[in-house]
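Below you'll find the structure, written out as C-alpha cells, and then a few comments.
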Amino acid sequence: MNNKSTNSQTIIAEDVQIDGDMNLSGNITIYGEIRGSVSTHGSVQLAKDGKIFGDVKATAIQMNGYVEGDIYINGTAELLSNCELVGDLRYKVLNIQDGAQFSGRCEIINSEVDSD
C-alpha cells in the first residue's frame, strides 16, 4: 500500500445524513447533514444547505451552511453570506462576508499548536 498523502476529496451528497464522527485526512465537501464531529488534516467546504451538528477540526473551512458546535481551524476560516454558526471559533485567519450569522466566541490562534 502506498503511504504517500493524496489530495483526496470526500463529498457528502445533499440526500445523505451521517450519524457519527468523521475522521479523514483529505478535503471534504458537505451538501448533506452530519450529526457528529468532523476532523480532517484537509479543508472543509460546507455548502449552503449543508449542516454539521458537532465540532469541526480542520486546516481550513469555507462555510456557507449551518454548524452547531465548536470549530478549530489551523488556517483560514471563511464565513460566507449564508452561513450560520452556533458555537465558538478558533482560527488563524478569519474572513466574514456580509450576512453571515455567528453566535459564539472568537479566538485567534497565535502560534503553531498541536491540536491532536
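Please treat every number below as a calculation from the coordinates, not as lab data. Keep in mind it's a predicted model, so treat the numbers as computed, not measured. Here the Cβ positions follow ideal geometry from the backbone for every residue, glycine too, while neighbour counts run over all protein chains shown.
With the convex hull of the Cα atoms taken as the outline of region 22-95, the averaged projected area works out to 3.7 nm².
Distance between the modelled labels on Asp98 and Asp21, one decimal in nanometres: 4.1 nm (7 Å Cα→Cβ projection). Taking the chain as a Gaussian network of alpha-carbon nodes connected by springs under 10 Å, the highest mean-square fluctuation of the residues Ser103, Ser25, Ser37 belongs to Ser103. Per-residue Karplus couplings for region 71-80, computed as 6.51 cos²θ - 1.76 cosθ + 1.60 with θ equal to phi - 60°, are listed in order as 10, 10, 10, 8, x, 9, 10, 10, 9, 7 Hz, Gly and Pro entered as x.
Summarising the amide proton neighbourhood of Tyr72: residues at separation of 5 or more, or on other chains, whose placed amide H is nearer than 5 Å comprise Val56, Lys57, Ala58, Arg90. Database remark: amide H of Leu94 closer than 5 angstrom to the amide H of Ala77 (H placed geometrically; neighbours at sequence offset of 5 or more, or on other chains; Pro and chain starts carry no H). Residues in region 49-56 carry Karplus couplings, in order, of 9, x, 9, 10, 10, x, 7, 10 Hz; the curve used is 6.51 cos²θ - 1.76 cosθ + 1.60 with θ = phi - 60°, and Gly or Pro positions show x.
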